[in-house]
Amino acid sequence: MKFKIGNKIFGGFLILIILFIVNASIIFYNGNLIDQVVNRSSEIIRPSKEAINDFILLVTRSKMLVTNWVYLQSNTDDKEALKDLHEFEYPELKERVTNLMKSWEVDSQKVLMDSAFAEFEKLMKVEQEVVMTQLVTFENYEDPLTKLLAEDAIESQVIPLTASVIENLTKVAEVQQMITEESDADLKTAADQLRNITIVLGVIIVILGLLSAFFMARSITRPINYIKDVVVKLGKGELVDDSGRKFNNDEIGEMAAAMDSLIHGLRSTTFFAENIGKGKYDSEFKPLSDHDVLGNALLEMRSNLARVAEEDKKRNWSTEGLAKFGDILRKNNDNIEKLSDDIIRNLVKYMGANQGGLYIIEENEGDEPFMTLTACYAWDKKKYINQQVFRGEGLAGQVWQEMDTIYLTEVPDNYIRITSGLGDSNPKSILIVPLKVNEEIYGVVEIASFKPFAEHEVEFVEKMAESIASTVSSVKINAKTQKLLEESQEMTEQMRSQEEEMRQNMEELQATQEEMQRGQAEAENAMEAINQSVATVEFDPDGKIVNVNRNFLDMFGYTKEELLGEHHRIFVTKEDKASEEYKQFWRDLSSGVMKQNEYKRITKAGQTKFMKENYAPIRSRDGSISRIMLFAHDVTEYVNA
């Protein structure tokens with residue numbers, strides 16, 4: 001019977017899992033018992049004990065408060081407390097105890113509690129009828145009979161009933177204490193039992209786990225060590241012989257058989273690898289299976305090496321071609337016609353094609369750009385060709401418009417004919433590539449051949465097209481530069497003559513400037529003379545002071561800092577400020593109307609002065625009023641005389 005290693009491991013772990021489940025079940029069962037005990041203690045036993053103690057305290061407080069009601073007339077706090085006890089505290093406590101009594105298991109305990117409730121309610125009735133309803137007012141306390149009956153009720157009814165209630169509650173509390181102690185004992189017993197069971201089962205699981213691990217390791221490691229030695233030798237590159245050792249009917253035996261097959265496969269693989277190393281890519285080799293990674297990798301390596309050799313050949317062809325055409329582009333970068341002839345002739349030959357043509361874009365100011373056939377190879381009547389192609393016209397124009405390569409392998413019959421001395425025929429493939437660099441196109445190269453073009457040949461032509469475009473761009477730039485240089489020389493001559501004319505104009509301008517400076521100096525002197533002889537003030541269009549001279553400051557007793565930013569109304573009398581004439585006065589000035597008259601003004605000291613004033617609005621370049629100038633003379637003496 002074949003007993004696999006996985007079955008051995010599974011069996012060992014299954015035993016451990018079963019023991020673990022048994023252990024977990026026992027622990028879970030005992031844990032539930034502990035939870036039940038804890039829940040009963042926390043939800044019933046201990047709350048019942050606390051409620052009974054609260055009831056005893058409530059009865060004691062009731063006796064104290066009713067006694068204070070009788071003997072302490074002015075103690076209103078205790079009276080209110082006794083009312084609260086009757087109306088709120090006792091009903092709440094009774095409801096709490098009643099809910100807990102439903103879970104009590106001792107009937108005598110319930111009977112005692114019912115008796116305590118009945119006696120306490122009787123006590124409360126006595127307190128209400130004899131004390132609380134009789135001793136209310138001051139007159140009730142002064143009535144000897146009422147007071148005597150209340151005191152007698154305390155002695156004969158309240159105190160005995162209180163003692164009886166407390167006695168019953170004490171018995172209930174003793175029973176509850178016994179139940180609490182039994183619950184604690186049950187909890188401790190369950191916890192100890194759970195600990196002992198856990199320790200015993202843990203020891204059993206450890207012992208069984210160690211025994212299972214020992215026997216399992218022994219049945220696995222011994223044959224594994226043998227196979228390890230063989231693998232170590234294989235890791236060092238040694239091809240060992242099959243020892244013929246027998247193993248158990250399990251995975252170890254399968255591993256040994258697979259290793260023997262691997263050794264035979266490695267011998268065959270080694271021979272195949274040696275042939276590949278010698279360059280014999282046609283050597284025969286059969287992998288061990290479809291999943292033979294090494295054998296399939298060697299086959300893939302042989303294919304890759306053959307492909308790399310072919311790609312190296314293509315790469316070398318492209319590299320040599322780029323170097324060859326690089327020399328052609330460097331030699332003829334000043335004559336675009338000769339450059340085009342050399343490029344198309346050598347390109348057709350290097351590609352092994354039959355015909356070719358090179359189109360260059362011509363741009364004239366004001367005309368639509370077009371391409372001309374600058375050079376061709378093997379075309380009929382080359383000297384008489386004067387072909388123009390516009391954007392989007394034909395295949396060449398389409399390449400110009402889309403700026404992308406077109407490669408045709410199915411050429412229309414009337415597209416082009418390749419002619420020789422023995423006849424003519426339609427080409428098999430047409431390749432049209434844009435001369436493009438930096439997303440700017442300069443022309444199109446077209447090649448026709450009887451054979452199809454390979455992918456690396458198309459890529460070569462596209463790379464060459466970039467170099468041709470760059471060279472054409474340089475040639476055009478050089479031509480434009482030469483033209484600009486000639487135009488620059490002509491402009492230099494023109495500028496020389498203009499420079500002489502400007503020099504004469506500058507002399508005239510300098511003379512005019514000197515005359516303006518003399519006029520400005522005279523105006524400044526005149527303004528200085530006005531400032532020295534006349535009081536002047538400068539206002540903005542809203543009437544705020546922006547400048548004032550010394551004569552005006554001395555005349556009105558202000559400093560310049562006090563007046564800057566102030567309104568003209570600071571000098572005006574109270575009656576004039578509120579008048580419509582004063583508002584119209586400033587509306588006229590802000591609209592450009594000049595004002596001249598004698599006005600009454602007020603100084604800083606409150607004195608009245610009569611001033612002869614001239615207001616002159618000043619306009620800016622755009623015609624708006626920017627400033628209002630005031631020229632004032634003091635005529636107070638003439639007016640008063």
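The values are calculated or read from the model by the stated rules, or taken from the named source; none is laboratory data. All values derive from a computational prediction rather than experimental measurement. Counting neighbours? That spans all protein chains shown, and the Cβs are built from the backbone with ideal geometry, glycine included. The protein model used for the area step is the full one, side chains on, heavy atoms only, and it has no ligands, DNA or RNA in it. Shrake-Rupley method; radii C 1.70, N 1.55, O 1.52, S 1.80 Å.
What to note about this one:
- What you get for the range 122-188, charging only the Cβ of Lys and Arg (+1) and of Asp and Glu (-1), is a dipole of about 140 debye around the Cα centre.
- Net dipole in debye of the range 44-98 [+1 Lys, Arg Cβ; -1 Asp, Glu Cβ; about Cα centre; nearest 20]: 260 debye
- Anisotropy class of the range 424-485 from Cα gyration tensor, a/c 1.5 cut: prolate
- Rounded, prolate or oblate (a/c below 1.5 giving rounded, otherwise prolate when a/b exceeds b/c) for the range 576-627 by Cα gyration tensor: prolate
- Per-peptide packing, taken as the mean over residues of other Cβ atoms within 10 Å, places 395-408, 610-623 in the sequence 395-408, 610-623 from highest down.
- Pairs spanning more than 22 Å between alpha-carbon atoms, out of Lys49/Lys110; Lys544/Lys583; Lys338/Lys451; Lys324/Lys349; Lys349/Lys451; Lys125/Lys171: Lys338/Lys451; Lys125/Lys171.
- For the range 39-111, the square roots of the Cα gyration tensor eigenvalues, ordered a ≥ b ≥ c, give a/c of at least 1.5 with a/b greater than b/c, which places it in the prolate category.
- Only protein heavy atoms count here; under a 1.4 Å probe, Ser108 has an accessible surface of about 70 Å².
- Taking packing as the residue-averaged number of other Cβ atoms within 10 angstrom, the listed peptides 569-581, 115-127 run from highest to lowest as 115-127, 569-581.
- For the set Arg503, Arg61, Arg550, solvent exposure ranked by accessible area (probe 1.4 Å, protein chains only) runs largest to smallest as Arg550, Arg503, Arg61.
- The figure for Val131 is an accessible area of roughly 0 square angstrom, using a 1.4 Å probe on the protein chains alone.
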